[in-house]
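One structure below.
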């Protein structure tokens with residue numbers, strides 16, 4: 001009973017936090033940035049992850065993020081308001097000898113910094129290193145292999161204590177059917193999320209992201225953040241829809257395989273135990289993964305500038 005109450009409490013707290021910090025790209029008032037440079041030392045360290053909320057009016061002493069525009073170029077700056085005039089605010093970094101150029105108005109200010117945590121930027125830069133990624137991948141494989149060996153050892157010892165053979169003996173006539181492989185389904189879901197996060201990271205840093213086939217078209221109709229959200233939802237529905245179609249065909253085939261003896265021409269081509277709908281879905285999933293990879297590669301330069 002206590003565990004259920006604790007779970008309910010944790011879920012309620014998470015929901016409150018999620019609602020309170022709903023991203024601006026999805027209609028909320030919160031944005032997230034990674035600060036670079038030493039201009040806000042010692043208050044905010046380089047590489048800190050900051051949470052910004054759009055909460056006017058702004059006052060002297062507030063640390064705010066504002067957009068500095070020079071022609072067509074623009075840059076997001078996180079500094080402190082040190083004064084106010086009729087023309088706008090006077091903003092300066094805690095570690096800067098001079099104030100920021102111009103007099104930003106409330107329209108130029110994205111929001112007030114409500115939370116900052118250091119070292120997140122350094123961690124992201126660390127995991128961008130191919131050597132670190134390679135070592136991490138090897139460690140994960142070794143850990144999974146060790147866990148599998150430990151489980152097999154425990155199962156073998158359990159069977160020995162019970163006087164059972166180390167491996168279950170199956171009748172020669174019993175052939176265990178091969179389970180359908182849905183690895184590409186999970187890969188497509190993962191790449192959809194990764195691509196969406198990458199696009200939103202660029203949008204939050206005022207960088208116009210490159211679009212894929214669908215998202216690029218939506219950019220011409222909606223704002224970048226809303227367009228990427230729509231395409232994320234459409235792709236998600238498409239990926240999940242293929243999964244349910246494959247699962248439905250699989251369930252239908254299981255119910256009728258004992259009755260239907262004659263193979264269809266498609267089953268003859270694919271094999272006795274193959275699911276033609278899963279094969280078709282896997283084709284679309286792998287095409288989506290390839291498209292996502294090309295999309296991410298096209299954003300590498302912009303992401304590098306934002307993260308580092």
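Rounded to two decimals, what is the ratio between the C-alpha radius of gyration of segment 27-122 and 2.2 N^0.38 Å? For segment 27-122, the normalised Cα radius of gyration comes out at 1.02. The Cα trace of segment 48-88 gives Rg and Dmax of 11.7, 32 Å, the first to one decimal, the second as a whole number. Note down the nm distance, to one decimal, between modelled labels 7 Å out along Cα→Cβ at residue 186 and at residue 162. Between residue 186 and residue 162, the label points sit 2.7 nm apart.
Straightening the chain between residue 29 and residue 179 buys 49.4 nm, computed as 0.36 nm per residue apart minus the Cα-Cα spacing.
Per residue, the convex hull spanned by the Cα atoms of segment 58-113 amounts to 80 cubic angstrom. Fully extending the segment from residue 107 to residue 38, taken as 0.36 nm per residue of separation minus the present Cα-Cα distance, adds 22.3 nm.
What percentage of all Cα-Cα pairs in segment 4-75 are separated by more than 21 Å?
When all Cα pairs of segment 4-75 are counted, 48 percent exceed 21 Å.
Read the figures in this text as sums done on the coordinates, not as results from a lab. Not measured: the values here are computed from a predicted model. Don't worry about glycine lacking a Cβ; one is built from the backbone with ideal geometry, like all the others, and counts go over all protein chains shown.
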